[in-house]
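See structure below.
The values are calculated or read from the model by the stated rules, or taken from the named source; none is laboratory data. Since the model is a prediction, treat every value here as computed from it, not as a measurement. Every residue, glycine among them, receives a Cβ derived from its backbone with ideal geometry; neighbour counts consider all protein chains shown.
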Amino acid sequence: MAQVIIEDEAIIARTWRSWLHTVAIGAGTGFAAWVFTAVISRYIIEPIACGATLNAAVCSDATGMAGNIATIIVTTIAMIIMVRLRVIRPIIIAVASAALLWGLAAWAEGLLWLEIIAWSSALYAIAYSLFSWIARSTVLWLAIVLSILIVLSIRLIVLG
């Protein structure tokens, strides 16, 4: 009879390949977020909001609003990709990363497009890496609570 020996009960084992997939998905998500932000801002929000002088406040925040819409879209796409690749707890990784980087387009406004792509890709890759490491915990509530605490603490530090 075969005997199963569990070496570490606190975390779910992951391969380097799985971790690299998650980091690559994060970097791709960051790139896609910037592309979607630019497209949504230029072709949807600016023609609607900036065409009328009554919507000057919305027009001035077109990039931020487009970035938030793009974040929702790319988070959904990234979750689907991670489910297809059988990444552990993709909803924790994607939603926590989206919550952490919410408003990134508004923060990056004024940078050159190459800088925005680099920062967006790097920050999403780091966030996906961090939350995929946290999602390895075998205790689901612990992974969720840690993710929430990290998002809240970093957001409080960044916002001031």
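For this structure, a couple of remarks:
- Any hit, the range 103-115, residues being hydrophobic (A, V, I, L, M, F, W, C), part of a helix (DSSP H, G or I) and at pLDDT 95 or above: no
- Identity of the residue in the range 55-100, in contact with a Gly (Cβ under 9 Å, 6 or more places away or on another chain) and hydroxyl-bearing (Ser, Thr, Tyr), that ends up surrounded by the fewest Cβ atoms within 10 Å (Cβ to Cβ): Thr71
- Some residue of the range 126-141 being polar (S, T, N, Q) and more than 15 Å from Ile25 (Cβ to Cβ): yes
- Residue in the range 123-130 that is free of Cβ contacts under 8 Å to residues at least 60 places away in the same chain and within 16 Å of the chain's Cα centre (by Cα) present: yes
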